[in-house]
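Trainee: Please see the structure below; I have some questions.
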Amino acid sequence: MSANDLSLRSAVHDLYHEHHGWLQGWLRQRLGSACDAADLTQDTFVRVLKARNALEIREPRPYLSQVAKGLLIDLFRRRSLEHAYLEVLASAPESQQPSLEEQAIMLQALLDIDRMLDGLGKQVKQVFILSQFEGLTYPRIAERLGICTRTVNNHMAKAMEHCCLMQLQLQLS
């Protein structure tokens, strides 16, 4: 193990030892759940480990709380999407209910799509969804959203580029 790796390991250990309890309490206040707070605390430190920047952190608590806030947003978005999906499932007749395995696969696909579209503007995301999931033509999307077809085309190009870049990032990580 190199001296740099030992320094990083020591910095992460110190960061974890000194701030783990504080971060978990901070998250517990916001979530109202000790279990969720413990999970997000661990996820926060995993992010720090993956970033390999523990040596560069000058203000640990603001840094850790910023990372944790991002994870909180992800958690709330994921739960909201899951809740909406379960509502749709509950409204379907029992004879059309997918198996538990199919439900899990579909939910994961929804979460993956949501993560892939994260970062797009609201209208760009809306154009992409109308095109790819509702099968509307560009002129029909333009009419529905009250924008010109050229704007729809530009939004789709932006969305496709974004999705390709996200896919590339996933493959590289």
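Trainee: Is the chain rounded, prolate or oblate when judged by the Cα gyration tensor, a ≥ b ≥ c being the square roots of its eigenvalues, rounded requiring a/c under 1.5 and prolate requiring a/b larger than b/c?
Mentor: Prolate.
Trainee: What aspartates and glutamates does Lys125 reach when the alpha-carbon gap must be under 20 Å and sequence neighbours fewer than 8 apart in one chain are set aside?
Mentor: Asp74, Glu82, Asp112, Asp114, Glu134, Glu143, Glu161
Trainee: List the trypsin sites (Lys or Arg not before Pro) within the stretch 20-93 that fall in a DSSP loop (any state other than H, G, I, E or B) and whose Cβ has at most 13 other Cβ atoms within 10 Å.
Mentor: Within the stretch 20-93, the qualifying trypsin sites (Lys or Arg not before Pro) (loop, at most 13 other Cβ atoms within 10 Å) are Arg52, Arg58.
Trainee: Report D for the stretch 1-97 in µm² per second (integer): Stokes-Einstein, Kirkwood Rh on Cα pairs, 25 °C, 0.890 mPa s.
Mentor: Details: Rh = 15.3 Å.
Calculated translational D: 160 µm²/s.
Trainee: Another question about this same structure. Mind checking the full-extension length gain between Arg115 and Leu100? Use 0.36 nm per residue of separation minus the Cα-Cα distance, one decimal, nm.
Mentor: Full extension from Arg115 to Leu100 adds 3.2 nm.
Trainee: Give me the percent relative contact order of the stretch 119-173, please, defined on Cα pairs under 8 angstrom at least 6 residues apart.
Mentor: Normalised by residue count, the contact order of the stretch 119-173 is 36 percent.
Only the coordinates and a few stated rules stand behind these numbers; no lab work does. Since we're looking at a predicted model, the values are computed, not measured. Neighbour counts are summed over all protein chains in view; Cβ atoms, including those assigned to glycine, are modelled from backbone coordinates with ideal geometry.
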